[in-house]
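These notes are about the structure you will find just below.
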There are 4 protein chains.
Amino acid sequence: MSGNTFGRLFCVTSFGESHGPAIGCVVDGCPPGLALSEADLQPDLDRRRPGTSRYVTQRKEADLVRILSGVYQGHTTGTPIALLIENTDQRSYDYDKIRQTFRPNHADYAYVQKYGVRDPRGGGRSSARETAVRVAAAGIAKKWLRERFGLRIRGYVAQIGPVELRLEDWEAVELNPFFCAEPARVPELEALIDALRAQGDSVGARINVEASGMVPGWGEPVFDRLDADLAHALMGINAAKGVEIGDGMRVAGMRGTEHRDEMRPQGFLSNHSGGVSGGISTGQDLLCSIAIKPTSSITTPGRSIDDTGAAVDMRTTGRHDPCVGIRAVPIAEAMVALVLMDHALRHRAQNADVVPPTPRIPPLAP
Amino acid sequence: MSGNTFGRLFCVTSFGESHGPAIGCVVDGCPPGLALSEADLQPDLDRRRPGTSRYVTQRKEADLVRILSGVYQGHTTGTPIALLIENTDQRSYDYDKIRQTFRPNHADYAYVQKYGVRDPRGGGRSSARETAVRVAAAGIAKKWLRERFGLRIRGYVAQIGPVELRLEDWEAVELNPFFCAEPARVPELEALIDALRAQGDSVGARINVEASGMVPGWGEPVFDRLDADLAHALMGINAAKGVEIGDGMRVAGMRGTEHRDEMRPQGFLSNHSGGVSGGISTGQDLLCSIAIKPTSSITTPGRSIDDTGAAVDMRTTGRHDPCVGIRAVPIAEAMVALVLMDHALRHRAQNADVVPPTPRIPPLAP
Amino acid sequence: MSGNTFGRLFCVTSFGESHGPAIGCVVDGCPPGLALSEADLQPDLDRRRPGTSRYVTQRKEADLVRILSGVYQGHTTGTPIALLIENTDQRSYDYDKIRQTFRPNHADYAYVQKYGVRDPRGGGRSSARETAVRVAAAGIAKKWLRERFGLRIRGYVAQIGPVELRLEDWEAVELNPFFCAEPARVPELEALIDALRAQGDSVGARINVEASGMVPGWGEPVFDRLDADLAHALMGINAAKGVEIGDGMRVAGMRGTEHRDEMRPQGFLSNHSGGVSGGISTGQDLLCSIAIKPTSSITTPGRSIDDTGAAVDMRTTGRHDPCVGIRAVPIAEAMVALVLMDHALRHRAQNADVVPPTPRIPPLAP
Amino acid sequence: MSGNTFGRLFCVTSFGESHGPAIGCVVDGCPPGLALSEADLQPDLDRRRPGTSRYVTQRKEADLVRILSGVYQGHTTGTPIALLIENTDQRSYDYDKIRQTFRPNHADYAYVQKYGVRDPRGGGRSSARETAVRVAAAGIAKKWLRERFGLRIRGYVAQIGPVELRLEDWEAVELNPFFCAEPARVPELEALIDALRAQGDSVGARINVEASGMVPGWGEPVFDRLDADLAHALMGINAAKGVEIGDGMRVAGMRGTEHRDEMRPQGFLSNHSGGVSGGISTGQDLLCSIAIKPTSSITTPGRSIDDTGAAVDMRTTGRHDPCVGIRAVPIAEAMVALVLMDHALRHRAQNADVVPPTPRIPPLAP
């Protein structure tokens, strides 16, 4: 219970360091009978994988996932599904020089204050590499949610540094290295990233994730609201500093007459709430947004201290993304999938016998 | 496990409906030997209490808390502390007329989709009244954190609708009904709330909470990051739609050279991260911000449906706040306190024997 | 998480001391729509209640339970059900004299080693009084299991000290103060208890609990086996020192050809396993047995130490049972009910869509 | 949360099937700074390993454990420790013939009722092979408990079928294939097992486990009593049907004057309670006992049904132990170690600041 297990009923227990022999996880609680093979999980791993374009980190990892248990003759059996991804491109020598220092704004200092020790190889457990196992595990959840409920989860980059991006074309998202849904802006992003790399700097990003085909009634009224659990999941992504549901932080400046989502038998008349009301899904599309800070791994030297507490100036080298937020799209989708899967099971545990007396209304009135 | 228990080691299990006989909670896991009486818990309850000024709901509740167990001769014994708050001003007749309809943008519709039934008296479990027990429980956490570590948690209103408010004077916060730290702006707020009430409308708010005297090393690296658990806690407040740590959503537009908090033996040189790095506290002040949506309980009629799914127009009556966000200040402080208390215990469970080799640096260099 | 919550999905959080103002619990996770009132819970509380005959403790407690939340218009709503039982006959003066000493073989010494303090009034939290709330909470589970599945849980006393008792007549169990299913032996038991009281001594007991109408498929294969969770539940009863499922400890001396339960389409041919195989229910009757030690609260003086560690001789006075095991029958039934309820919900969370390809066979072939 | 994670703070998440590619686990919550390598874990794995004598199953597994994460430069880092054991001798053809039938008294039937499917290869998840990972994980706990507190856990076989065995010589336990502490009886056991194998039958066993060097104060007063959690752990071992603490089931027939453990400043005067009082450790030796049923995998044909529900007679072939209980000794030790480790951490989470006012007395007076 050192926080490496996610979920109450669909439980993902993650392990592994960036430069150890392997990373992986155990997925416990998957319903039996789901057709599943590595081929179902690999596509999202490939979307998150480093080294796929010159705009993300140049570490080369095949990120091939193996299923070690819980699947028999191509279907889940209901027993734990262990997933293993071997680390192949570890290059721990890259990190040797920073072994005695704390990289500014990295977790190094906090780890030593907590544990007294740390694994300096590639940031060890604090590396974004760990998120690969979340993406793999969530592939199971995404598949089950899609097959069982027709539910679909997808994300895009809504902002990279100064560049704000609209949702114009879902199809375009997979066709450029920025998960950008406004394809005409891609050259602008290419120029931005190239400039940042030349300047030894980095930039933040905002990611939007949507789930359509939502089932009403998922979530819990008080602490484990659907939106609260989403906030937990999404703020648990490396470098996330803000989470929004629906209109998000903007609601502080809004009026009730403006924000409220009115209802008609034909459907909801707006979706300011982002699909959650009182902590419970309404059947509207789920709308989430997160902000990812600019990576602190930049080549511009920074002021820091070393293991003895003495001042040092240091420059982070190694293979880093000028914008770590870009690859966060499949990770954010994954965390949303894990939350929805968990709440789908939680809901039916308590409420499997419920037949709502009121008909469900469509997500949005035509 | 329907989400009414908060925390892993310092566990608060909440119960009660707005218009039932009582609300309350059980606090399990409190260290023994803490001096505790109702007098320690009442002040924050009074800060949250309705009916204290004309700017908040006129429901009159004494909100007197009773300790039913876990305290002997004025000290905690280590056994569960049950807290009970009786409901006195229930006026359920206020709600009779809306029994067959779903108030627009309330949890009513979602509850019926989930449970098939709901308790319509005052919103039942979805009422903000439930948060009183969180405030009461957190009084225990606040006291222990203060006595054990010198840790202090406090909040203020940073925005009410169009009015943004600075942190100018912590002392002022308790001297006006708006938890406003910029006292010269209070008349502006009074006028705003009066106008909203006259217009039958409501407005959102932003709340900032800070914790000073933080201990480095609290939190967990992966899923249960300190910031992730804060996001869970704060998004779990009724009507919250956004949560930020440190620079929050603004990081999407920032550069690494601008955002990173450099370190020197004399202390950190900035606090953009809001006191958390890699999911673990750094010893810097914890900085959190939440946005509370404008209440949907307004007197301007809205389009909705009834229990049969037919269209109705309805006007929410009853005693409501034009800005529910105001009273969220003690609630947000409470949720931060519960998270910190829980992580203080989690940290020492695993790491009680750790002596960090590196000296701790001050929160901010002078 | 100091162990005062039982269950993963049907969660009972217990609070209260023997001589504090009240005991009670919060039941979270109950399915909505169950008809429920205090009248459903009181009968089992009355079966467990002290002072009902001269063979059990003479403490007079009405043990009237109040439902404080989670029920609206006579049905559960799916929100937490808080149950409150006020303590009325507290007589804390009985215990004043033992405040500075540790009663031999009581939890007093262990509590002080753990917490540094203890509530000496009536044993505080270690009193068997706490079990009243388990019985109350389990009343909800029993009702739901009976209505939803036709499942029935009942127990009887199988041994009191030297007297071993057979299951001869279920009807008789409720007609004598010993929960004895062999009514002809009741006078023997009366004489035994009277003699023990005269001698200032006590005696142990063995309780059997059976559940019929079991559903196959409940339980989990590895750690949270149905029998393992039953063992946890039953060993968690005050003074329990042994737990058996099916043939229990006797299996150590048995042969495979003798113990195995063979199967035929007409049903199982025996039930040595007690209804659980591989940690999962088979649909056969669940058979559990526990041993309750003789109470250490006896009037024969014993050697002990006081708060300073010095030797004292002490005699426990107060109102105690010569055989605490007798009243353990409804408690043991309660714990079995809580486990089955929890696993019913756990099972359907994961496996709600499962249609077993093989027909279910009857519990026992005719 | 399908029950494959054990522990609240020291959490072991198990995965893997008997005849899949590998079994393993993730250990989360281990304190940092513990010297650890595979060599610390292998000895207990070797004690549990099949194929080591002709008296246990002839399956040949090297059971070599690999540490995949959580250890850096020979010490734990506080992050999850993944352990992997590859399956090498799988011979799934042994099981092909029983794919369409339910072996009598095995979990096969229960699995199909629960999941609709099962992995028939070697019993899949229900195989005792899974317990290897418990032994590996517990090696970490044993080492930490020994180094941190001087605590020692060891077990022996107290009964094999009709042969009851005394604890005569702890040293002898490791010198014979039966974990027998009464070495003169070993030839008798050899003859018994040889005869059973010839007869195609099996026999049960009783295992005793003791922990010395116990720390007082571990455990929780109500549901998660130390003895209740031990019962959960021990009844969670494959084929366990009974669990006893201290005098166990015999207490039903005992008197209070006989059973109670009196105290003197020089120490406790007896240990009938087995080291636990009120659910909390007293500092006395922990005494546990379990009964393991005779394996149902015997070559004497039995009556059963097939996948369609039709009657079949079947004879279990393959490589099986005539007494599976023998190899349960290291498994039972492992489960005790996991419980104690977990409660050590739980205790200090809540009570790290407690200084008991009363001096601790020795486990037993001289």
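The values are calculated or read from the model by the stated rules, or taken from the named source; none is laboratory data. Just so it is clear, the model here is predicted, and its values are computed rather than measured. Quick reminder, even Gly has a Cβ in these numbers, built from the backbone with ideal geometry, and neighbours come from all protein chains shown. Quick note on the areas: whole protein, heavy atoms, side chains included, nothing else; ligands and nucleic acids left out. Shrake-Rupley method; radii C 1.70, N 1.55, O 1.52, S 1.80 Å.
What residue among D:L45, D:L196, D:L338 has the largest mean-square fluctuation in a Gaussian network model of chain D, using Cα springs under 10 Å? Largest GNM mean-square fluctuation: D:L196.
Give the distance, in whole Å, between the Cα centre of the stretch D:65-82 and the Cα centre of the stretch A:120-161. Measuring centre to centre over Cα atoms gives 25 Å. The string of couplings for the stretch D:299-307 from the Karplus curve (6.51, -1.76, 1.60, θ = phi - 60°) is 8, 6, x, x, 7, 7, 10, 9, 4 Hz, one whole number per residue in order, with x for Gly and Pro. Between 0 and 90 degrees, the angle of helix A:328-351 with respect to the longest Cα principal axis of chain A falls at about 40 degrees. Classified by the C-alpha gyration tensor, the stretch D:177-222 has an oblate form. Its axis ratio a/c, with a ≥ b ≥ c, is 1.5 or above, and a/b does not exceed b/c. Shielding by partners for peptide B:195-203, expressed as the average number of C-beta atoms from other protein chains within 10 Å of each residue's C-beta, is 3.
Sequentially through the stretch A:242-249, phi angles give Karplus couplings (6.51, -1.76, 1.60; θ = phi - 60°) of x, 9, 10, 10, x, 5, x, 4 Hz, Gly and Pro residues having no value and appearing as x. Here the accessible area of chain A is 51 percent carbon and sulfur, with a 1.4 angstrom probe and all protein chains present. Over chain B, dividing the summed -39,500 (n - 2.57) contributions of all DSSP H runs of at least 4 residues by the number of residues returns a 222 nm mean residue ellipticity of -8000 deg cm²/dmol. The modelled label-to-label distance for the pair B:R303/A:R315, using points 7 Å beyond Cα in the direction of Cβ, is 6.2 nm. Determine the shape class of the stretch B:146-218: with a ≥ b ≥ c the square roots of the Cα gyration tensor eigenvalues, call it rounded for a/c under 1.5, and otherwise prolate if a/b is greater than b/c, oblate otherwise. Prolate. Per residue of D:276-288, other chain Cβ atoms within 10 Å of the residue Cβ number 5 on average.
Working note: Cα gyration tensor of the protein assembly as shown, eigenvalues times five, square-rooted, sorted largest first, giving semi-axes of 49, 38, 32 Å. Trypsin sites (Lys or Arg not before Pro), restricted to the stretch B:126-202: which are DSSP loop and have at most 14 other Cβ atoms within 10 Å? Sparse-neighbourhood loop trypsin sites (Lys or Arg not before Pro): B:R166. The mean number of Cβ atoms from other chains found within 10 Å of a Cβ in peptide A:289-302 is 5, as a whole number. Say the cut-off is 23 Å between C-alpha atoms; which of B:K114/B:K241; C:K293/D:K241; D:K142/D:K241 go over it? Going by Cα-Cα distance, D:K142/D:K241 fall outside the 23 Å limit.
In order along the stretch A:208-215, the Karplus-derived 3J(HN,Hα) couplings, from 6.51 cos²θ - 1.76 cosθ + 1.60 at θ = phi - 60°, round to 10, 10, 10, 10, 10, x, 5, 9 Hz, and Gly and Pro are given as x. Taking amide H positions as modeled 1.01 Å from N, with prolines and chain starts lacking one, the residues under 5 Å from A:F268 and 5 or more places away or on another chain are A:L364, A:A365. The residues of the stretch D:332-350 occluded by other protein chains by 40 Å² or more of accessible area, set against the chain on its own, are D:R348, D:A349, D:Q350; surface from heavy atoms, 1.4 Å probe. Principal-axis analysis of the Cα atoms of chain A puts helix A:226-235 at an angle of about 10° to the longest axis. Solvent exposure of the protein assembly as shown, expressed per residue, is 28 Å² of accessible area, with all protein chains present and a 1.4 angstrom probe.
Once the Cα atoms are used to define both axes, helix C:131-149 deviates from the longest principal axis of chain C by about 10 degrees.
Apply the a/c threshold of 1.5 to the C-alpha gyration tensor of the stretch D:92-189 and tell me whether it is rounded, prolate or oblate.
On the way: a/c = 3.14, a/b = 1.61, b/c = 1.95.
Cα axes put the stretch D:92-189 in the oblate bin.
Once divided by 2.2 N^0.38 Å, the Cα radius of gyration of chain C becomes 1.02. Centre-to-centre, using Cα atoms only, the stretch A:170-216 and the stretch A:228-284 are separated by 22 Å. Comparing D:A172, D:A231, D:A82 in a Gaussian network model of chain D where C-alpha atoms under 10 Å apart are linked, the largest mean-square fluctuation is found at D:A172.
Summed over both chains, the contact between A and B buries some 10000 Å² of accessible surface at a probe radius of 1.4 Å.
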